[in-house]
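Before any comments, here is the structure.
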Amino acid sequence: MTEEPSDFANDAPLLQAWARFQAESSTPFTIPGHHRRAGQLSDELGRLLQGDVPLFGGLADIKRADGALAAAERLGARLWGADWCRYSTGGSTHANQVVALAVGRPGDTVLVSRAAHRSTLSGLVLAGLRPVWLPAELDERFGIPTGVSVATVEQALTENPGAVALFCVEPGYLGTLSDLPAIIALAQQRDVPVVVDQAWGAHFGFHPAYPPHALALGADAMVLSAHKTLPAYSQASVIAASTRRLDVDRLDRAFEASATTSPAGVVHASTDAARALLASPLAHELLDRLAHVTGQARQRLQVEVPGLRTPTPEDFAPGRYDPAKLVLQLDGCGIDGNELERALIDAGMPVELADRDTVVPIVTMLDDDVTVSALVDRVVDAAAHLSRTPRPRTVFASWAQGIPEAALTPREAFFARHETVDAGRAIGRVSAELVAPYPPGVPVLVPGEVISEETLSLLRAAADGGTRIAYAADPSMATVQVVA
Ligand SMILES: Cc1ncc(COP(=O)(O)O)c(C=O)c1O
């Protein structure tokens, strides 16, 4: 390391403010109500709440806290080359809702990648936007989505000349990216702002082995989950935007309308620290190590677990795959991913995603050769003991069907009267709910879409394969909520 690992922390004013508050022994008469004395009630509760420092009255005096946060966000704007940058304690869920509330008016059309996370969906409901869905391309070699094609975007722009924004998700859950430079250029030729949900790519843009971040590629706004891949507190998220095509006042109003008025200073301080880390030379070293250890893990796994496949950045065009992504495809080696997940949990190594065919451990800048080698050792060891039945790969339910016909907008369906019916009676009815198998958390059914037999059987097959049918009121899919 060329500098002391902690040097970057000195350049994180909110982290320093958090440390000052922790060091002093004030007796606050402000919220939060634990008043730094919860240890009197229980050791565990005391430890739990020890680090909790509010923004207002914690990181700064109540009357100065807005200014302290704004100063920290200006550093974020500088780092990511944005005109407008806000830190959210509501995760990228809040951030995606903010951008949806900022781009148009109720009834406006937006072009949305079908890989959109449910938070974008809820943003469409809140803002009353009408989505035109853009299907993802499938990579036949790996059976994984590779983003939205340039031709799909071009056609959608031509067919929807009134569209007020284009929403992309880059990278997707499995590390692939669309050809963003071409897509952004196409949209902006027509003055359509491009919003990129880069929740999984907060580490992009600071090392040549990784794709540039979306703003660097010319996007109008990007959403980053600092907590997903950077050393930040859960829920820490960033929205960074250019105000060439987006209205700064609307962005501010959208943010304030949906944000908490009591943000956790500890979350903001961690975002600030993650920003300072990315700005420091240490980030380059850590990102170097991350790409290296992940690459080594891929090589070892492919050799030591015959039949196991892991897509590599070299399998894709430059800038189209996150080199930090480690996706284990198990169909060829015949291990059941749910069993492998169980073995890893038992070894104290829970992973982010597992279904029968796919396991995805999240490897970050905080991992090194020791942690990643231990993970690979464990996978190799488990593979030697687990039963194996090689099988054809099944594509995630989210990608296996065409996009269902929409009878209502998501907002109309959200507010419509609904009833719960047996699945058999739901065919031909309009879904009142969002159904998104997890992984990858991408909707198979959006409120307002017509339910088909194909969709229901895909969902049931996914559930049978160990996939969690997320967000459905009845995850077994025996019943479905439909518009009355
Ligand atoms: C693509 C994408 N966007 C947004 C989100 C929401 O992020 P958060 O959990 O920070 O609210 C997720 C969560 O997994 C996601 O995968």
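The values are calculated or read from the model by the stated rules, or taken from the named source; none is laboratory data. Quick caveat: nothing in here was measured; it's all calculated off a predicted structure. Cβ atoms come from the backbone with ideal geometry, glycine included; neighbour counts cover every protein chain shown.
Return the residues of the range 22-79 that are among the acidic types (D, E) and within 30 Å of I239 (Cα to Cα); say none if nothing qualifies. Step through it out loud before you land on a result.
First, pick out the residues of the range 22-79 that are among the acidic types (D, E): 24, 43-44, 52, 61, 66, 73.
Passing the criteria: D52, D61, D66, E73.
One residue stands out among those in the range 229-282 that are in a loop (DSSP other than H, G, I, E, B) and touching a Gly at 6+ places or on another chain (Cβ under 7 Å): the one that is surrounded by the most Cβ atoms within 10 Å (Cβ to Cβ), which is Q235. When residues in the range 335-370 are screened for being part of a helix (DSSP H, G or I) and touching a residue at least 24 places away in the same chain (Cβ under 8 Å), 7 of them pass.
Kindly indicate whether V223 is within 20 Å of the chain's Cα centre (by Cα) and either within 13 Å of the ligand (Cβ to nearest atom) or among the basic types (K, R) (or both). So that I can check it myself, show each step before the final result.
Working: within 20 Å of the chain's Cα centre (by Cα): yes; either within 13 Å of the ligand (Cβ to nearest atom) or among the basic types (K, R) (or both): yes.
Yes.
Screening the range 159-171 for residues that are out of contact with any Ser or Thr (no Cβ under 8 Å at 6 or more places or on another chain) and of a type outside the set (D, E, K, R) and picking the one that is nearest to the ligand (Cβ to nearest atom) gives P171. Which residue pairs have Cβ atoms closer than 7 Å, lie 6 or more positions apart in sequence or on different chains, and pair a first residue in the range 399-419 that is of a type in the set (V, I, T) with a second residue that is part of a strand (DSSP E or B)? Correct list of pairs: I403/W133; T409/R130.
Criterion first (basic (K, R) and within 16 Å of the ligand (Cβ to nearest atom)) does R86 satisfy it? First the steps, then the outcome.
Working: basic (K, R): yes; within 16 Å of the ligand (Cβ to nearest atom): yes.
Judged against the criteria, R86 is a match.
Give the residues of the range 106-117 that are assigned to a loop (DSSP other than H, G, I, E, B) and within 16 Å of the ligand (Cβ to nearest atom), sorted by residue number. R114, A115, A116, H117 - these are the residues of the range 106-117 that are assigned to a loop (DSSP other than H, G, I, E, B) and within 16 Å of the ligand (Cβ to nearest atom).
Considering only the range 31-72, how many residues are in a loop (DSSP other than H, G, I, E, B) and without any contact (Cβ under 8 Å) to a residue 24 or more places away in the chain? Show your work before the answer.
Within the range 31-72, the first condition is being in a loop (DSSP other than H, G, I, E, B), and the residues that meet it are 31-37, 41-42, 51-53, 55, 57-59, 61-64.
Still in the list and also without any contact (Cβ under 8 Å) to a residue 24 or more places away in the chain: 33-37, 41-42, 61, 63-64.
Count: 10.
The set of residues in the range 40-51 that are at pLDDT below 95 and either over 16 Å from D272 (Cβ atoms) or over 27 Å from the mean Cα position of the chain (by Cα) (or both) contains only Q50. Every test in (1) of a type in the set (S, T, Y); (2) more than 24 Å from the chain's Cα centre (by Cα); (3) over 30 Å from A297 (Cα atoms) is passed by Y471 save one, and that test is (2).
For A343, the criteria (1) aliphatic (A, V, I, L, M); (2) closer than 28 Å to T89 by Cα; (3) assigned by TED's automatic domain parsing to the domain that holds V363 hold in every case but one, which is (2). Just one of the listed residues (R37, R78) is outside the structural domain of V238 (by TED's automatic domain parsing) and either touching a Phe, Trp or Tyr at 6+ places or on another chain (Cβ under 6 Å) or over 30 Å from Q198 (Cβ atoms) (or both), and it is R37.
Among what's in the range 121-132 and is in contact with a strand residue (DSSP E or B) (Cβ under 6 Å, 6 or more places away or on another chain) and not aliphatic (A, V, I, L, M), pick the residue that is nearest to the ligand (Cβ to nearest atom). Among them, the one singled out is P131. Report, by residue number, each residue of the range 91-105 that is part of a helix (DSSP H, G or I) and on the phi < 0 side of the Ramachandran plot. Scanning the range 91-105 gives S92, T93, H94, A95, N96, Q97, V98, V99, A100, L101, A102, V103. Could you please find all residues in the range 376-395 being surrounded by 13 or more Cβ atoms within 10 Å (Cβ to Cβ) and in contact (Cβ under 8 Å) with a residue 40 or more places away in the chain? Answer for the range 376-395, where residues must be surrounded by 13 or more Cβ atoms within 10 Å (Cβ to Cβ) and in contact (Cβ under 8 Å) with a residue 40 or more places away in the chain: V376, V379, V380, A382, A383, L386, R388, R391, R393, T394, V395.
Going by the conditions given, is R411 outside the structural domain of Y210 (by TED's automatic domain parsing) and over 25 Å from E140 (Cα atoms)? Explain how you work it out, then say what you get.
Numbers: outside the structural domain of Y210 (by TED's automatic domain parsing): yes; over 25 Å from E140 (Cα atoms): yes.
Criteria met by R411.
Once the range 314-325 is narrowed to residues that are in contact (Cβ under 8 Å) with a residue 40 or more places away in the chain and of a type outside the set (D, E, K, R), the residue that is surrounded by the fewest Cβ atoms within 10 Å (Cβ to Cβ) is A317.
Restricting the range 25-38 to residues that are at pLDDT 95 or above and among the small types (G, A, S), the residue that is surrounded by the most Cβ atoms within 10 Å (Cβ to Cβ) is A38. Return yes when E3 is at pLDDT below 95, among the charged types (D, E, K, R) and over 23 Å from M365 (Cα atoms) and no when it is not. Spelling it out, it is not the case that E3 is at pLDDT below 95, among the charged types (D, E, K, R) and over 23 Å from M365 (Cα atoms). In summary, helices (runs of 4 or more DSSP H) completely within the range 118-220 and bearing 1 or more residues that are more than 15 Å from A100 (Cα to Cα), in contact (Cβ under 8 Å) with a residue 12 or more places away in the chain and charged (D, E, K, R) occur at 150-159.
What is the residue count in the range 186-208 for residues that are farther than 19 Å from A274 by Cβ and surrounded by fewer than 22 Cβ atoms within 10 Å (Cβ to Cβ)? Before you say what the answer is, go through the steps one by one.
In the first step, residues of the range 186-208 are kept if they are farther than 19 Å from A274 by Cβ; the result is 186-195, 208.
Filter once more, so that each one left must be surrounded by fewer than 22 Cβ atoms within 10 Å (Cβ to Cβ): 186, 188-191, 208.
The number of residues fulfilling the criteria is 6.
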